[in-house]
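What follows is a short report on a single structure.
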Amino acid sequence: MIRLSERVSYIKATEEPLSADVGLVFGDRCLWLYDVGNNPLITAELRGIDLPKAAVLSHFHPDHTGALADISAKRVYLSAYTKKYIGFGETVADDVYINDGAELHIFLLPSSHSKGALGLETDDFAFLGDGIYSMQKGGRAVYNATLLKDTLDCLKRLSAKTFLLSHDPQYARPRGEVTAELEEIYSRRRKEEAYIEVRE
């Protein structure tokens, strides 16, 4: 577990098995998890924390949700799209604000990577999961131009100074650095094309 502040920590992603980073926000009543990963070692570490668990699922991919059955979360927040895969939980259709010592803001995150993505903002941090990443189309990494514009608009409305990105070797990245990268990609859009190819 890597500590970022008094209340915010995370458990690193793994390649084998493929498992996303798991964000932790220590509330007064609950341990809030942003994603639950897909690794028994992560699950064992979470079981060792003696607080009721609540989970916010970024999206439906198994590396972010696979350990849900082993977590025993008393509440699960997810999008309507993710709920189709998970089958239960509290559907987030608009901004949700929760005060548990930490101020939590759950929000819909327009995403080229995955339909029905959610983010979680608390203090100076915003957990974004895979929400700002591209998608694969015809063997190419691309962004949907309209969704990328919506992603940028969403990020600009946040107050967090640090964005937390799953699977990124530099998990905690400055807000301005991330938005500048996305804006550069968006600046390459062509009016007649729906997708923007990512350059390596």
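The values are calculated or read from the model by the stated rules, or taken from the named source; none is laboratory data. Being a predicted model, the structure only gives us computed values, none of them experimental. Backbone-built Cβ (ideal geometry, glycine too); neighbour counts: all protein chains shown.
Wholly within the range 150-200, which strands (runs of 3 or more DSSP E) include no fewer than the required count, namely at least 2 residues that are over 19 Å from residue 117 (Cα atoms)? Give the derivation first.
Details: elements: 162-165, 172-174, 195-197.
Strands (runs of 3 or more DSSP E) meeting the threshold: 172-174, 195-197.
Could you grab me the full set of residues in the range 79-113 that are under 23 Å from residue 176 (Cα atoms) and small (Gly, Ala, Ser)?
Correct list: 111, 112.
Looking at (1) assigned to a helix (DSSP H, G or I); (2) among the hydroxyl-bearing types (Ser, Thr, Tyr); (3) touching a strand residue (DSSP E or B) at 6+ places or on another chain (Cβ under 7 Å), which one does residue 143 not meet, given that it meets all the others?
(1)
Of the residues in the range 63-77, how many are closer than 22 Å to residue 16 by Cβ and in a loop (DSSP other than H, G, I, E, B)? Steps first, answer last, please.
Taking the range 63-77 as the starting set, the residues that turn out to be closer than 22 Å to residue 16 by Cβ are 63-71.
Going one step further and asking which of them are in a loop (DSSP other than H, G, I, E, B), we end up with 66-67.
Total satisfying the criteria: 2.
Please verify whether residue 54 is within 17 Å of the chain's Cα centre (by Cα), among the hydrophobic types (A, V, I, L, M, F, W, C), modelled with pLDDT under 95 and closer than 25 Å to residue 111 by Cα, treating the condition exactly as stated. Step through it out loud before you land on a result.
Values: within 17 Å of the chain's Cα centre (by Cα): yes; among the hydrophobic types (A, V, I, L, M, F, W, C): yes; modelled with pLDDT under 95: no; closer than 25 Å to residue 111 by Cα: yes.
Taking the combined requirement at face value, the residue does not satisfy it.
Of these, 127, 60, which one is part of a loop (DSSP other than H, G, I, E, B), surrounded by 14 or more Cβ atoms within 10 Å (Cβ to Cβ), within 15 Å of the chain's Cα centre (by Cα) and aromatic (Phe, Trp, Tyr)?
60
Restricting attention to the range 169-192, does a residue exist that is at positive phi and of a type outside the set (S, T, N, Q)? Break it down stepwise before answering.
Of the residues in the range 169-192, the ones at positive phi are none.
No, the conditions are met nowhere in the range 169-192.
Mind counting the residues in the range 78-115 that are touching a Lys or Arg at 6+ places or on another chain (Cβ under 8 Å), assigned to a loop (DSSP other than H, G, I, E, B) and exposed (fewer than 15 other Cβ atoms within 10 Å of the Cβ)?
1
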